[in-house]
Structures are given as C-alpha cells and as structure tokens.
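Just below is one structure, and these are the notes that go with it.
The values are calculated or read from the model by the stated rules, or taken from the named source; none is laboratory data. None of these values were measured; they are calculated from a predicted model. Here the Cβ positions follow ideal geometry from the backbone for every residue, glycine too, while neighbour counts run over all protein chains shown.
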Amino acid sequence: MIVSEEKIRVRYDEVDKMGYLYHGNYAGYFHVGRTELLRKLGLNDKELESQNLILPVIEMNTKFLKPVQYDEIITLKTYLNELPKTRIVFYYEIFNEKGDLVNEANSSLVFVHNDTRKPMRVPQSILKRIETYFNT
C-alpha cells in the first residue's frame with residue numbers, strides 16, 4: 001500500500017452560501033492527492049505525457065460525512081491499495097482539524113495511449129515503481 005498525506009486550507013472561493021466546502025470542489029482536492037501520491041513514486045504529469053500516456057478519470061464515488069468550513073485546514077490522505085493493470089484506483093479520506101473523518105471517496109483512472117486514445121496496460125516502468133511499495 002502507498003499513502004500520501006496533504007494539508008489543505010479551505011479557501012473562501014471554495015465554499016458555498018452556507019459556508020461549507022462546495023461538494024464540486026472535492027474532486028479538485030482528490031486530484032491534488034493523486035498528483036502528490038504519483039510524485040512520491042517519482043512520476044509527474046510531464047513524465048507521463050512524455051511517455052504518451054494520459055490518465056482520464058472514468059469513475060468517482062464520494063461520501064460526505066460532515067461539512068468542512070471556510071479556513072479549516074483539512075488533511076487529505078490518498079491511498080493506492082492494489083497494483084494497477086489498465087485501471088488505477090485511488091482511495092481518499094479527508095479529516096477535519098479535530099481529526100474527524102469528514103469524507104471518504106475513490107476514483108478510477110484508466111491508462112490511455114495519447115495518440116490512439118485506447119486503453120492500455122500500465123507500462124512496466126511505472127508498475128516497477130509501484131511494486132516496490134507492495135513488496136516491502
């Protein structure tokens with residue numbers, strides 16, 4: 001398993017009229033979590049693009065447990081629990097400043113060749129980086 005953790009302060013433009021973090025903004029936070037987890041593996045969007053590889057989101061599920069408010073500092077934990085094949089599944093947990101779990105989610109992305117726009121298996125070079133976390 002691979003875990004990445006980020007602290008994020010909820011900005012004013014991210015909340016709705018009730019003062020709660022707008023539900024649509026969670027997807028952006030999940031993107032941050034995925035990006036930082038991949039960075040932990042030594043991967044970034046530029047490197048993936050240089051391999052002619054894109055990772056579109058094909059599914060996202062989220063469960064809102066408690067509201068998050070403006071100026072709160074949340075902790076976003078992102079997990080990779082299984083080795084990818086053609087899909088890579090990320091799991092997320094968001095905790096408020098008190099340490100309460102306020103959101104849990106997951107998203108599935110598919111490895112796609114940029115030129116053909118067809119799904120493909122995860123490249124061996126990427127799989128090797130991920131496997132090191134599962135073999136320890």
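Inspect segment 80-102 for any residue being small (Gly, Ala, Ser), out of contact with any Pro (no Cβ under 8 Å at 6 or more places or on another chain) and touching a residue at least 40 places away in the same chain (Cβ under 8 Å) and give the result as yes or no. No; the residues of segment 80-102 include none that is small (Gly, Ala, Ser), out of contact with any Pro (no Cβ under 8 Å at 6 or more places or on another chain) and touching a residue at least 40 places away in the same chain (Cβ under 8 Å). Applying the set (1) in a loop (DSSP other than H, G, I, E, B); (2) surrounded by fewer than 17 Cβ atoms within 10 Å (Cβ to Cβ) to residue 13 leaves exactly one unmet item: (1).
Report, ordered by the first and then the second residue, all pairs with beta carbons closer than 6 Å, sequence separation of six or more or different chains, a first member in segment 32-48 that is under 16 Å from residue 83 (Cβ atoms), and a second member that is modelled with pLDDT of 90 or more and part of a helix (DSSP H, G or I). That search, which allows pairs on different chains as well, returns 41/129. Would you point out which residue out of 75, 132, 35, 116 is more than 11 Å from the chain's Cα centre (by Cα), of a type in the set (Ser, Thr, Tyr) and closer than 30 Å to residue 10 by Cα? Among 75, 132, 35, 116, only 75 is more than 11 Å from the chain's Cα centre (by Cα), of a type in the set (Ser, Thr, Tyr) and closer than 30 Å to residue 10 by Cα.
Would you say residue 7 is modelled with pLDDT under 95 and surrounded by fewer than 13 Cβ atoms within 10 Å (Cβ to Cβ)? Criteria not met by residue 7. The number of residues in segment 49-68 being surrounded by 15 or more Cβ atoms within 10 Å (Cβ to Cβ), more than 16 Å from the chain's Cα centre (by Cα) and free of Cβ contacts under 8 Å to residues at least 60 places away in the same chain comes to 3.
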